[in-house]
1. Any idea which residue in region 378-410 is nearest to the ligand (Cβ to nearest atom), counting only those that are in a loop (DSSP other than H, G, I, E, B) and closer than 30 Å to residue 533 by Cα?
2. What are the pairs with Cβ atoms under 6 angstrom where one residue, in region 348-370, is of a type in the set (D, E, K, R) and the other, located anywhere, is within 14 Å of the ligand (Cβ to nearest atom)? Sequence gap at least six, or different chains.
3. If I go through region 230-260 residue by residue, how many of them are of a type in the set (S, T, N, Q), more than 23 Å from residue 6 (Cβ to Cβ), over 24 Å from the mean Cα position of the chain (by Cα) and assigned to a helix (DSSP H, G or I)?
4. Do we have residue 264 as closer than 17 Å to residue 177 by Cα and either surrounded by 19 or more Cβ atoms within 10 Å (Cβ to Cβ) or among the acidic types (Asp, Glu) (or both) here?
5. If you check residue 125 against the conditions, is it touching a residue at least 24 places away in the same chain (Cβ under 8 Å), touching a Leu at 6+ places or on another chain (Cβ under 8 Å) and either more than 18 Å from residue 27 (Cβ to Cβ) or of a type in the set (Lys, Arg) (or both)?
6. Kindly evaluate residue 293 against the criterion of being in contact with a strand residue (DSSP E or B) (Cβ under 8 Å, 6 or more places away or on another chain), surrounded by fewer than 23 Cβ atoms within 10 Å (Cβ to Cβ) and either of a type in the set (Asp, Glu) or not in a helix (DSSP H, G or I) (or both).
7. For region 347-356, give me each residue that is out of contact with any Gly (no Cβ under 6 Å at 6 or more places or on another chain), within 14 Å of the ligand (Cβ to nearest atom) and in a loop (DSSP other than H, G, I, E, B).
8. Just to verify a result, which residue in region 454-468, among those that are surrounded by 20 or more Cβ atoms within 10 Å (Cβ to Cβ) and more than 12 Å from the ligand (Cβ to nearest atom), is farthest from residue 409 (Cα to Cα)?
Amino acid sequence: MSSNTKYIFVTGGVTSSLGKGIVSASLATLLQSRGFSVTIQKLDPYINIDPGTLNPYEHGECYVTDDGAETDLDLGHYERFLNQPTSQANNVTTGRIYQSVIEKERKGDYLGKTVQVIPHITDEIKRRICLLGDTGRFDVVITEIGGTVGDIEALPYIETVRQLRWELGKNCLSIHLTLVPYLKATGELKTKPTQHSVKMLQESGVQPDILVCRAEYPLSDEMKDKLALFTNVTKDAVFQSLDAETIYQVPLLLRDQRMDEVVMEKLNLTSKRASDLSAWEGFLERLRFPHHEVTIGLIGKYVELKDAYKSIAEALIHAGAQNDTRVNIEWIHSEHLDPVHVKERMEGLHGILVAPGFGERGFEGKIESVRYARENGVPFFGICFGMQAAVIEYARHVLGLTGANSREVNPETPHAVIDLMAEQKAVTHKGGTMRLGSCACDLTPGTLTHRIYSEAQIHERHRHRYEFNNDYLTSFEKAGLIPAGINPETGLVEVVEMKDHPWFVGVQFHPEYKSTVANPHPLFVDFVRAAAAHAKA
Ligand code: GLN
């Protein structure tokens, strides 16, 4: 265990979905602005090895890191706030913990001992928590425990926090995030749920050092006194987290309450430099008070659950701020798009973004929306399955290849312009077996994409099984859909763009994962710029 690293644990109480991820990322941003190197880790108490096999309806977007880990969407927030990549070590599930322990048991590593939750599971959790600190790269590691205090499945994690607090002493801090609900009938905020939640944490041997109370209205001074008295948390360490206009305001709201100073004092840390959030504030200013406005249609099949497209929505926000433009997203269900209704749904959009996805449901609707964008000169951005839809649409309606499809959608298609690669054919296990993580891509000089990146080689993250089928490459090129990015190792087409169109780009990778507040993604920035130009015209 690295003696210089400080550990902060963030637990949640009363209900889930209070925004532990945003509070963690915001605190990290404040500490980073004072010169500390900070990373955030998420521990998820469910038994899946990772969220890669989870339906987006269950868990929202699956976020992919450079090293190809399929992770919780909170890691996206960590990267977007801190402008710093995460890795597999930043997301651990109960499934992964048990998998390691069981593998060790099979190898005989426990030397005949009975393997138990305590100490073996808790030791493995501890090892995973300290892994990041042990790299020596971070002054502070923030560990967010998924779920809510009191959940049966969270117990081993809370016990690990208790042990680590004992072992780390002053190098460790516990933050508890709770809800202070407002009762309309009596017109008051209620602290009792928070008192109970802290009691439950204390019963497990963990005394929180800091309380963050999610509330719809400001907490009065007396309420803070009361909370302090009943939870043993000093009053200056009781913070409120009011509903914000945007998540990007949360760091500033916490800074106004001096949360970073209280954290540093409790951890015995001295600021490495004066806090500077001017770039962040500039971004917020552009985000909140833009001079222009566009509407982008986001075509997908999980649009009822906006979390399924979290990174795309955030990348559009970053790109909007960069362009001084408010980006309104129109969420369009691809299942409701047929040749008859596509026009009325697409009219008035300044840009069309076809989202990633899997399987047959709603895929024909995606193809319809590509066709509309292509024929009407509307800026089009296809991501992963969206790029594949663009290739298929072009094959059917420009190359005249009737029935062209992806082998994923129709295994019997006469023209598999999107096909399974040889190395994927033998794959039987679903988890972690797609093409995952960062790959190099050479950009074709003279293309729009090359101009946008102004780099000869880029690295972007992948998550898919199917690929552009190079048997058709020459036909596409001749017909005006050109390869703008090629994988230097495999020769696979990673980017296509259409020649005679204002802005028509399809990418096999996921640029949305790499867009951050400090570094909005160039493709999104230029797509929003093109949409704004289209709006003017
Ligand atoms: N279903 C497609 C594939 O597996 C695309 C995946 C995606 O959009 N992420 O290749």
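The values are calculated or read from the model by the stated rules, or taken from the named source; none is laboratory data. Small disclaimer: the values here were computed from a predicted structure and weren't measured. For neighbour counting, all protein chains shown are included, and Cβ atoms are generated from backbone atoms with ideal geometry for every residue, glycine included.
1. Within region 378-410, the match that is nearest to the ligand (Cβ to nearest atom) is 384.
2. That search, which allows pairs on different chains as well, returns 360/409; 361/301; 366/299; 366/334; 366/354; 366/389.
3. 0
4. So residue 264 does not fit the description; no.
5. Yes.
6. yes
7. Correct list: 356 only.
8. Among them, the one singled out is 458.
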